[in-house]
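K.L.:
One structure, as structure tokens, below. Some questions next.
The values are calculated or read from the model by the stated rules, or taken from the named source; none is laboratory data. Since the model is a prediction, treat every value here as computed from it, not as a measurement. For neighbour counting, all protein chains shown are included, and Cβ atoms are generated from backbone atoms with ideal geometry for every residue, glycine included.
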Amino acid sequence: MSGNRSQRTRRSRRWIPAALLLLSLAACAGPQGKREIPRSGDVSRPTNLYDLMLSVQETPAYRETGAKACIRQAKAGNVLKEFLPVIAAMLDAPPEKAGKTFCRALVEAAVAGDFSEADIRAMYLARQQRDFRTFGRFLRALLVANERLGAQQAAATPSLTGSAGLRN
Amino acid sequence: MGQRNLRSTAVALALWSCSITAAASAEQIAEATFDDKMLALIAAVDSGSIETGDAVTQCVGNFAAESKTEKLRDVIAGFLGVPREAAFETGCGAVIRLLDTGEFSADDLRQLIEGKNARSKAVLSGQLLRALYFKHEAGA
């Protein structure tokens with residue numbers, strides 16, 4: 001009996017991190033106790049990802065600057081750290097492009113409104129309000145935005161069999 | 001982004017992960033049963049010994065019987081854009097169809113549950129999310 005129980009407990013311990021890995025991702029929500037997103041006023045030096053998303057949403061012209069700031073932090077290992085592989089795999093990005101892909105999708109989602117201002121503020125408060133649904137919407141918004149960017153890139157790339165003369 | 005803010009985010013992340021695990025440990029025995037049921041279901045779908053509809057029903061039943069999966073219900077509802085009441089049925093339906101069509105292998109799903117390499121499981125989690133999204137969108 002105790003052997004079975006021990007075996008079950010061990011198996012349970014294997015399941016817990018697997019099933020809750022997704023939930024742990026939601027820990028990127030803001031710190032407890034603060035209701036307002038701290039703003040730096042400088043998109044090239046945002047206080048956090050929420051500040052960054054709000055800045056590019058308010059001023060889409062900051063899109064490139066914001067993306068670069070995010071990529072810089074991702075390269076330094078300051079963005080989502082161990083959870084970036086989950087998001088990179090979800091976005092079908094190779095590991096070496098994980099940060100870049102995530103940041104471009106993040107900025108696109110904010111600028112295009114896949115993730116609204118209300119969503120960004122809700123995401124910031126998600127942890128203290130146990131709002132996991134907003135986190136699910138955030139993942140969805142990233143995926144949708146990334147697919148749109150991929151389609152735009154594909155459309156902008158000239159086809160080798162197009163009218164450029166290579167057929168002749 | 002400020003170092004202090006990043007440090008507090010990292011601490012919050014670690015604390016939160018620990019609190020989830022601690023809360024889960026109180027129900028480890030019940031969860032082991034859930035674990036066994038899910039692995040058996042994956043094996044049954046993989047061997048073709050269960051009808052798709054029955055597999056979805058069983059999968060939904062397994063999740064619904066677990067109180068801790070309520071958070072996961074919310075994540076799935078938000079991710080797939082469905083009401084939370086329909087989250088398990090939608091998610092289970094997509095997973096079973098992925099297994100049926102071989103778009104996501106039973107071995108990968110088992111690895112996600114039983115694997116010991118955190119990085120491999122992180123990648124598999126991301127791949128499963130992606131596959132779930134597209135399967136759901138294709139069937140919606």
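K.L.:
Just wondering, is there one or more residues in region A:32-50 that are closer than 18 Å to B:Leu112 by Cα and at pLDDT 75 or above?
P.N.:
no
K.L.:
Confirm whether B:Thr90 is surrounded by fewer than 21 Cβ atoms within 10 Å (Cβ to Cβ), modelled with pLDDT of 95 or more, part of a helix (DSSP H, G or I) and of a type in the set (S, T, N, Q).
P.N.:
No: the conditions fail for B:Thr90.
K.L.:
In region B:93-135, how many residues are touching a residue at least 12 places away in the same chain (Cβ under 8 Å), within 14 Å of another protein chain (Cβ to nearest Cβ), over 14 Å from the mean Cα position of the chain (by Cα) and assigned to a helix (DSSP H, G or I)?
P.N.:
Taking region B:93-135 and keeping what is touching a residue at least 12 places away in the same chain (Cβ under 8 Å), we get B:93-100, B:103-104, B:106, B:108-114, B:124-125, B:127-129, B:131-133, B:135.
Checking the rest, the ones that are also within 14 Å of another protein chain (Cβ to nearest Cβ) come to B:94-95, B:103-104, B:108-114, B:124-125, B:127-129, B:131-133, B:135.
Applying the additional criterion that residues be over 14 Å from the mean Cα position of the chain (by Cα) yields B:103, B:135.
With assigned to a helix (DSSP H, G or I) added as a condition, the list becomes B:135.
Total meeting the criteria: 1.
K.L.:
A follow-up question, please. Within region B:93-140, how many residues turn out to be surrounded by fewer than 20 Cβ atoms within 10 Å (Cβ to Cβ), farther than 25 Å from B:Glu51 by Cβ, at pLDDT 95 or above and of a type in the set (A, V, I, L, M, F, W, C)?
P.N.:
Number satisfying all stated conditions: 0.
K.L.:
Then there is this: Looking at region B:64-81, can you tell me whether even one residue there is assigned to a helix (DSSP H, G or I), among the β-branched types (Val, Ile, Thr) and more than 13 Å from chain A (Cβ to nearest Cβ)? Please lay out each step first, then the result.
P.N.:
First, pick out the residues of region B:64-81 that are assigned to a helix (DSSP H, G or I): B:64, B:67-80.
Narrowing the set further to residues that are among the β-branched types (Val, Ile, Thr) leaves B:69, B:75-76.
Keeping just the survivors that are more than 13 Å from chain A (Cβ to nearest Cβ) gives none.
No, region B:64-81 contains no residue that is assigned to a helix (DSSP H, G or I), among the β-branched types (Val, Ile, Thr) and more than 13 Å from chain A (Cβ to nearest Cβ).
K.L.:
Could you give every pair whose Cβ atoms fall below 9 Å, whose first residue belongs to region A:58-82 and is at negative phi, and whose second residue is of a type in the set (Phe, Trp, Tyr) and surrounded by 15 or more Cβ atoms within 10 Å (Cβ to Cβ), counting only separations of at least 6 or pairs across chains?
P.N.:
The qualifying pairs are A:Cys70/A:Phe102; A:Ile71/A:Phe102; A:Ala74/A:Phe102; A:Val79/A:Phe102.
K.L.:
Scanning for something modelled with pLDDT of 95 or more, crowded, with 22+ Cβ neighbours inside 10 Å, in a helix (DSSP H, G or I) and of a type in the set (Val, Ile, Thr), does region A:85-100 turn up at least one residue?
P.N.:
no
K.L.:
Find the residue count for region A:107-138, including only residues that are within 13 Å of chain B (Cβ to nearest Cβ), out of contact with any Ser or Thr (no Cβ under 8 Å at 6 or more places or on another chain) and either crowded, with 22+ Cβ neighbours inside 10 Å or among the charged types (D, E, K, R) (or both).
P.N.:
13
K.L.:
Filter region A:37-77 for residues that are surrounded by fewer than 21 Cβ atoms within 10 Å (Cβ to Cβ), outside any helix (DSSP H, G or I) and in contact with a Lys or Arg (Cβ under 9 Å, 6 or more places away or on another chain) and give the result.
P.N.:
Passing the criteria: A:Ile37, A:Ser44, A:Thr47.
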